[in-house]
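One structure is given here, and the rest of the page talks about it.
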Amino acid sequence: MSTELTASKTERRAEELDALDAILPFGRRDQIAALLTDDDAATLKHLASEGMGDNTLRALASDLGYLEAWCQLATSGPLPWPAPESLLLKFVAHHFWDPARRAEDPSHGMPVEVEAGLRAQLLLRANGPHAPETVRRRLTSWSILSRWRGLRGAFDGPSLKSALRLAVRASARPRQCKSKKAVTGAILAKLLDACAGERLVDLRDRALLLTAFASGGRRRSEVSALRVEDITDEGTVLADPSMPDSPPLPCLAIHLGRTKTTTSDDDERVILIGRPVTALKRWLEEAGINDGPVFRRIDQWGNIDRRALTPQSVNLILKSRCKQAGLDPTLFSAHGLRSGYLIEAANRGIPLPEAMQQSLHKSVTQAARYYNDAERKLGRAARLVT
């Protein structure tokens with residue numbers, strides 16, 4: 001009887017994980033699934049049914065898997081719900097620490113056995129204290145999952161806020177850029193030269209790079225999720241609206257739907273004009289794509305898959321083209337298209353609000369960082385002594 005119960009539980013668990021296949025992070029599904037409990041799976045399925053965005057769900061699943069593994073190693077027990085304040089403070093202490101102090105005191109920061117366990121499960125790769133953004137995101141995920149279980153933890157307590165503030169200051173970790181270098185107009189030109197051929201893969205990559213950059217520096221998840229049904233032909237527009245005799249250019253509207261910074265009720269869209277439109281239309285025509293995903297995998301024989309590229313594939317395509325262009329691929333990532341768009345807009349004197357209409361940045365502070373750097377280089381203040 002116990003054997004039958006075990007088999008039944010195993011089958012039920014397999015069904016739960018099959019249902020989560022689209023939720024779990026690409027490339028780490030089996031690993032994360034093994035860390036999740038039945039209650040975790042049920043919570044994620046509930047969130048999916050409530051219409052939460054795919055990328056948000058994947059981040060929650062990834063963070064939940066990490067938290068389960070860390071808690072098991074740090075306390076020899078499963079993740080408790082709700083989380084007691086002492087456990088939250090332990091999490092902060094394990095992930096923020098002073099490298100100089102740790103050199104003198106090995107017990108400072110994350111215990112060696114906890115660190116070794118996380119590395120063995122490929123959940124920890126970087127050396128040194130964690131990035132503040134990563135720790136805060138995982139705590140936020142923990143809080144969100146607690147609320148969806150109808151529970152409250154000590155996430156808003158003064159002790160945790162104080163500990164976070166002091167720990168960030170003590171760790172003194174420099175801010176890490178998602179892409180060490182931005183893909184500005186000059187870099188984009190080199191990448192396009194690297195895919196100037198007439199093969200299907202060249203047509204795809206050209207259309208992908210131009211579309212991602214010109215549409216405001218779209219995130220790799222947004223590029224991979226783009227479907228033919230999201231594209232609307234807008235006819236032609238003038239190359240220079242102030243000159244009635246300027247040549248007409250093709251124009252498309254891209255409906256993005258839900259993005260990282262929007263809700264399900266938002267109907268965000270961006271405009272493509274000119275060369276990116278021509279490249280995108282040619283790719284779709286030559287590939288014979290009339291519906292479904294716009295950007296798809298192409299095998300070594302030139303066969304086009306029905307499935308969309310993954311966000312990771314978008315990143316790998318950019319890095320591959322960087323290498324072919326003679327650039328160091330380790331210095332670039334797909335996020336460089338996003339930062340590069342704003343830097344290029346600043347270099348060309350486009351007002352920040354206008355650029356943000358296309359990039360869809362919600363935070364002026366975030367977008368202005370790229371503008372500030374460009375304006376300092378173009379301005380007179382840094383040229384007092386030359």
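The values are calculated or read from the model by the stated rules, or taken from the named source; none is laboratory data. Given the structure is predicted, the values throughout are model-derived calculations rather than measurements. Neighbour counts are summed over all protein chains in view; Cβ atoms, including those assigned to glycine, are modelled from backbone coordinates with ideal geometry. To get the accessible areas, we keep the full protein, side chains included, count just its heavy atoms, and leave off ligands, DNA and RNA. Shrake-Rupley method; radii C 1.70, N 1.55, O 1.52, S 1.80 Å.
Cross-link check: pairs 90/181; 161/362; 45/319; 161/319 evaluated at a Cα-Cα cut-off of 31 Å; pairs beyond the cut-off: 90/181; 45/319; 161/319. The GluC sites (Glu not before Pro) of segment 192-230 that DSSP puts in a loop, and whose beta carbon has at most 11 other beta carbons within 10 Å, are 198. Size of segment 213-344: Rg and Dmax of its alpha carbons, in Å, are 16.0, 48. Computed extension length for residue 323-residue 101: 75.9 nm, one decimal, from 0.36 nm per residue of separation with the Cα-Cα distance subtracted.
Can you list the trypsin sites (Lys or Arg not before Pro) in segment 265-374 that are in a DSSP coil and have 14 or fewer other beta carbons within 10 angstrom?
Details: sites: 269, 281, 282, 296, 297, 306, 307, 319, 321, 323, 338, 348, 362, 369; in loops: 348, 362.
Counting only loop positions with at most 14 other Cβ atoms within 10 Å, the trypsin sites (Lys or Arg not before Pro) in segment 265-374 are 348, 362.
Which residues in segment 193-225 place their backbone N less than 16 Å from a point set 7 Å from the Cα of residue 307 along the Cα-to-Cβ direction? Those under the cut-off are 224-225. Were the residues from residue 240 through residue 134 laid out at 0.36 nm apart, the gain over their Cα-Cα distance would be 33.8 nm.
May I ask you to give the percent of accessible area on segment 211-251 that is carbon plus sulfur, with a probe radius of 1.4 Å?
Numbers: 1230 of 2100 Å².
The value for segment 211-251 is 58 percent carbon and sulfur by accessible area.
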